[in-house]
Amino acid sequence: MNDSGCVLCTTPGGALVWQGARVRVIRADEPGFPAFYRVVWTDHVAEFSDLSPAERGLCMDVVAAVERVLRAQLQPTKINLAALGNMVPHLHWHVVARFDWDSHFPAPIWAAAQRERTLEQEAALAARLPEVDALLAAALQPWS
Ligand SMILES: [Zn+2]
């Protein structure tokens, strides 16, 4: 299913890290949160329970694979997983590596800031992400 009026059908929705047959992983461009990834289901599916059991398994295997790579490479304070999807009919999971120095920790990234951003640490983290993206793509090959 493809819709020419849908931003997630017509664009990756971020920097494309890996494209599988049913799902893709992109890195979002979210100021303050460099290690912010999304696992985006390709077809128009609004709710997680619309997927078959096998599809749900595939989706969560990919989410877990992304989480494992982020943990191993970045040693975040916490990984945040979230599925909101109120804006687009593409089921997607946010996978965000959180750090105790980030502007919102321990609050959700969508909540009020807890402190000023630390641009040096954000830049140091961002500099590592091209390598992390390559490792993610390699780790996700089993689901291509
Ligand atoms: Zn779409």
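Here are a few things to note about the model shown:
- Checklist (1) surrounded by fewer than 17 Cβ atoms within 10 Å (Cβ to Cβ); (2) outside any strand (DSSP E or B) applied to Pro76, failing item: (1)
- Residues of the stretch 79-102 satisfying the condition of being over 16 Å from Asp29 (Cα atoms) and not in a strand (DSSP E or B): Ala83, Leu84, Gly85, Asn86, Met87, Val88, Pro89, Leu91, Phe99, Asp100, Trp101
- Residue that is touching a residue at least 60 places away in the same chain (Cβ under 8 Å) and in contact with a Pro (Cβ under 9 Å, 6 or more places away or on another chain), where the choices are Val96, Val25, Val66, Val40: Val96
- Being farther than 30 Å from Ala113 by Cβ, modelled with pLDDT under 95 and loosely packed, with under 15 Cβ neighbours inside 10 Å is true of Glu47.
- Among the residues making up the stretch 10-44, those that are surrounded by 14 or more Cβ atoms within 10 Å (Cβ to Cβ) and β-branched (Val, Ile, Thr) are Val17, Val23, Val25, Ile26, Val39, Val40, Thr42.
- Scanning the stretch 79-96 for residues that are more than 14 Å from the chain's Cα centre (by Cα) and surrounded by fewer than 13 Cβ atoms within 10 Å (Cβ to Cβ) turns up Asn86, Met87.
The values are calculated or read from the model by the stated rules, or taken from the named source; none is laboratory data. This one's a predicted model, so the numbers in the text were calculated from it and none came from an experiment. Positions of Cβ are generated from backbone atoms using ideal geometry, with glycine treated the same way; all protein chains shown enter the neighbour counts.
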